[in-house]
Amino acid sequence: MRKRERGQVLVIVAVWMLALIGSAALILLTGSVEWQRNQLQQLADGAATDSALTIGVGCSAGSASTVITQADNFLATQRTRTGSLSIGGSCAAGYTGTDAFAGALSETIHYPYRGHQQQVEVILTVALPISFGNYMGASNTNVTRRAVGQQLSGSAAAIRATSLSCTGGQFNVGGSIAASNAITLSGGCAVYAHDRFEAASSTYSDLGNVAVFANGQTWVGGGGSCAAGTNSGSSNAVCADGYELSGHNATTCGTSGTSAFLTAGVTAINANPCAAGTGPLPVPPVSTSLPPEPNTDPAGIATLRNSAGGAVGSACNPAAVYPNITAGGVVVGTGLGPSPASADASGFYHFKPSCYGYLNLGSFAGGISARQIGAESARQRHFVTATMAGASQAGTLLVATVSAETTPNKFAATAGWVSAAEANQPGEGRSEIWYYPNNPGGISSITFTMNPATINGNAQLSEWLGVAAASPLDQSGASTVAVPTTTTVIATAGALTQTGELVITVDGFQNLPGQTFTRAAGWTGVVTDVANGYGSEYSLNLPTGIASETLTSGVPSLWANAIAGFKPAGAGTGAVLDPGFYYFNGSGFAGGGGICLNGGELLARDVTLEFVNQAGLSAGTCAAGGGANCSAATCQYGSTPCSISACPPNAAADSAGGGYTWFAAPCSQAPAGDASCPGSTWCPSGDRACWNLLLWAPASNTGQIAIKGTTARHWLLGSLYWPGTCTDTVNGTSTLDGTLSCGTLSVSAAAGAGIAVGSDYGISTALIQAVLVE
Amino acid sequence: MVNHRKLGQALVEFALIAPAIFLLIGATVDLGRGLLIYTMLQGASRDMARQAVLGYYSGSNTLSPTCTALTTPCTLGPLTNGAHQLDPLGMSVVYQDSTAISSPPTYGTYAANANPLQPGTITLTGAINASTVYVFIYELDSTGGNPNPRWSCPSCAAASGAAVRTSGHQLVVVDLKLQWKPVLNSLLGIPSTITFDSQSVETLEY
């Protein structure tokens, strides 16, 4: 009977234990599955976004390996790798990477995903053992989670605007367009969103969609049409290689084949809300995911320089009033930064990152400035040598004047020197002007040979920046006065073709008892030697036309005078913003301020520019609202990039390293073949406040980006964030390789204009660098 | 006789202890099942919130994302499909769009958080069925915009838009509520239920 009693308890315990163990096993299994699902999803999300950050421009075996390896390495930081990464495939069909990790975790990575160059898929599967599963015929269960990450430059629209209006021509965009209000067209203007397809790898980096938040967008206006896939031929229409979608609550779509050209390739990877009938996409206005204020970024603030070249050490004050900034002695703006005393070898003034009120390039006195002016030599016989304190800089212009006793024989100089003008007056003397264009550097003296050997003379040598390297001599002239007079005029034979030329004279007069010498007002004296009857002066700000100067002596004298005019290096004035952060608050310029080209040329590399208050960026004047159109022959941001055409003539001579072509943001990737933008020297990698950010303005800014006028040109490389008003007039060469985000954006394009905005160069400054799309 | 008496004694003792034993066993199983449901409810809300912020999301809680029409379609279904993960456990799902952009569906009330950028408190209201997952999905504007929160309201689309997802750091909140009645309660005729609540929040970055 005791055995029976023991059996009863055993049965009870067995039933109880079965229930307990079964429940526990079920809970454990389900809990484990849920835990694993959650863990795997987090791993997949992390791996997908992490690897998406490494997606660059184009697709190749190397770039695919980089992306896939990054995802694999990310997982290796979370789990112990037990296998090895195996990669196979092609860009067109997609690469697949597989690997195994501890805990029966297997990994599959697909890149490019579905032919989308900027998407990567990560699939994780774990075989989860089932407790007591062998008794039920299944020892494990697979848990699979996946994620698709996309690099943001592919997910950020090339153009975002609250209001977008197109006023003329065909405005081509490389990438997608997102607008809040309906896009307005006038003057037969067409806006075309082109997909970005890399034929070499058969992959897309952007699908060229147009999304309008407002209802009722008209895609093709009266008489308008779209020419599929080309940069010309469309008019009065909104065109897209991808889909066209309008309406956040009443959806209208572009007509396939008429204004929306969804090719088979695009359709395969482009989720078209219209075709799917799944309802409207949310189309954002200017997104809050755009970059933060650079003036709060320590990396940017650290670049700010004071007038002595030291660190400012703190953020710029939007209410500050700044002292004048001069360039070559002329006031060109206001700011805390140092005033450039002279131009570089190419004639460009270099400004340092700092807090500014405004910079007005139209205020430049001229592109030419003196680098050094040597003293007059002693009187020497047969051979006269003029010297300068330092050796010359390569590329500059050397000018020498000689005043000697009269002789019919022209002086001789060493190789490389060219005679500009000469005058010989028997009874007075011989005067000559010589120059050495684009000198090789290292020259500090010049010796002239005067014949016959009994001739005595004096000479003087000077060095000039910003003079044209090739054929600098524009005009010259000479005059002799054979009848003593106290007043004479020396003038060029022809008219000066440019303003801002270096016009230099040499004056020979008699040393008579009581003699005096007076040069004309506005001329700067270089030599005043009454004892030897030798004068020389120059001017940098004469207008075009005949250049002349009136010379006066105290005692009537014979005269032997010469004059020469040398052209500046560029067709106009210019400035360079050296790498770093620039802040403009408009102070010192009534009603406007900021940066205005006003006929000038502004180059920059590795810069981020912030504009507050009423400050703007204008190709015209600094007047409030962006000023008038640029009307000068040269009015440009950046210069023709080497990747587009021949490098600019200033490239080799530029003292800061040369090659300022793209007006570029930090860390930007210049187009292939253009090495002028090697990357930032000050912006830490990944710093969203400066990374790829070229222009930034707060919503409170009342200034404008105003690139107006058919002669205004720009080569901007970076991201532009401007909540206010922007105007972009695009000619045949201008482009913005990056993203443009404006509150109110007005665009137009001249005939022959290519892609005006958008690129494949990884331009993105959004706070979020990669997003999950699946 | 002694043995029979002992047997009878054992039966009596077992009869006395059996209800308690079976109650304990039942409670153990019930508790396990409750934990299972709650765990799966959490997983469901997490999945739904994650899907709600994806780039291919269509803006509708009941329609499939746009990527389902691709040549290689994505595997995503309508957002509310996530709540059906509990179907194998005998649960059903209730989701209704709102009748006003600023109001929750009719089966719940919403009390805003003192901080308008944080999720509020939802309470089930009306005739609520047990073993039913009630789905609440809304969006919190990161800038405290108006209306805030935003609920899906197709009937008021003309005024506010049907889509509730707007990009730019908006928070999407998925709140799943489930009234669970343990089996023992049914057996014992106890009317009370336990309300499971799982809330997941994700940020829209596209």
Query raised in the report: How far is it, in nm, from the label point at A:Asn306 to the one at B:Ile128 when both lie 7 Å from their Cα along the line to the Cβ?
Result: 6.6 nm
Query raised in the report: To the nearest 10 degrees, how steeply does helix B:2-52 sit against the main Cα axis of chain B, on a 0 to 90 scale?
Result: 10 degrees
Query raised in the report: Going by alpha carbons, how many degrees (0 to 90, nearest 10) lie between the helix axis of A:61-76 and the longest principal axis of chain A?
Result: 50 degrees
Report task. For a footprinting-style exposure proxy, rank A:Phe261, A:Phe74, A:Phe348, A:Phe101 by other Cβ within 10 Å, fewest first. Result -> A:Phe74, A:Phe101, A:Phe261, A:Phe348
Report summary line: Which of B:Leu23, B:Leu188, B:Leu140 fluctuates most in a GNM of chain B (C-alpha springs under 10 Å)? That residue is B:Leu188
**Report entry** Using a Förster distance of 45 Å, the FRET efficiency for B:Val201-A:Ser645 (Cβ separation, nearest 0.05)
**Finding:** 0.30
Requested in this report: Work out how far the C-alpha atoms of chain B reach from end to end along every principal axis, then list the three figures in whole Å, largest first.
Outcome: 88, 44, 26
Query raised in the report: Which whole-number percentage describes the relative contact order of chain A, with Cα contacts under 8 Å and a sequence gap of 6 or more?
Result: 12 percent
Query - Cα→Cβ-extended label distance, 7 Å offset, between A:Val15 and A:Ala199, nm - result: 8.1 nm
Query raised in the report: Where a Cα-Cα gap under 13 Å defines reach, which aspartates and glutamates qualify for A:Lys708, not counting those fewer than 8 residues away within the same chain?
Result: A:Asp728
Report summary line: Simple spin-label estimate for A:Asn541/A:Val555, 7 Å along Cα→Cβ, in nm, reads 3.6 nm
Requested in this report: Any aspartates and glutamates with Cα under 13 Å of the B:Lys177 Cα? List them, leaving off those in the same chain fewer than 8 positions away.
Outcome: B:Asp197
Query raised in the report: With charges set only on the Cβ (+1 for Lys and Arg, -1 for Asp and Glu), what does the dipole of the protein assembly as shown come to about its Cα centre, in debye to the nearest 20?
Result: 2620 debye
Requested in this report: Just rank A:Glu422, A:Glu244, A:Glu428, fewest to most, by other beta-carbon atoms within 10 angstrom.
Outcome: A:Glu422, A:Glu428, A:Glu244
Query - Over the protein assembly as shown: helical MRE at 222 nm, DSSP H runs n ≥ 4 each giving -39500 (n - 2.57), nearest 500 - result: -5000 deg cm²/dmol
Report summary line: A chain fully extended from A:Lys410 to A:Ala750 at 0.36 nm per residue, minus the present Cα-Cα distance, gains in nm 117.0 nm
Query raised in the report: Taking the Cα atoms only, what angle lies between the long axis of helix A:2-52 and the longest principal axis of chain A, rounded to 10 degrees?
Result: 20 degrees
Query raised in the report: In what sequence do A:Ser471, A:Ser445, A:Ser668 fall when counting other Cβ within 10 Å, fewest first?
Result: A:Ser471, A:Ser445, A:Ser668
Report summary line: Checked against the positive end of the charge dipole of chain A (+1 on Cβ of Lys and Arg, -1 on Cβ of Asp and Glu, about the Cα centre), the farthest of A:Thr385, A:Ser342, A:Ala100 is A:Ala100
Query raised in the report: Near A:Lys410, which aspartates and glutamates are there with a Cα under 16 Å away, not counting those fewer than 8 places off in the same chain?
Result: A:Glu422, A:Glu428, A:Glu432
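Bear in mind these aren't lab numbers, they're just calculated from the coordinates by the rules spelled out. Just so you know, these numbers come straight off a predicted model, no measurement behind them. Don't worry about glycine lacking a Cβ; one is built from the backbone with ideal geometry, like all the others, and counts go over all protein chains shown.
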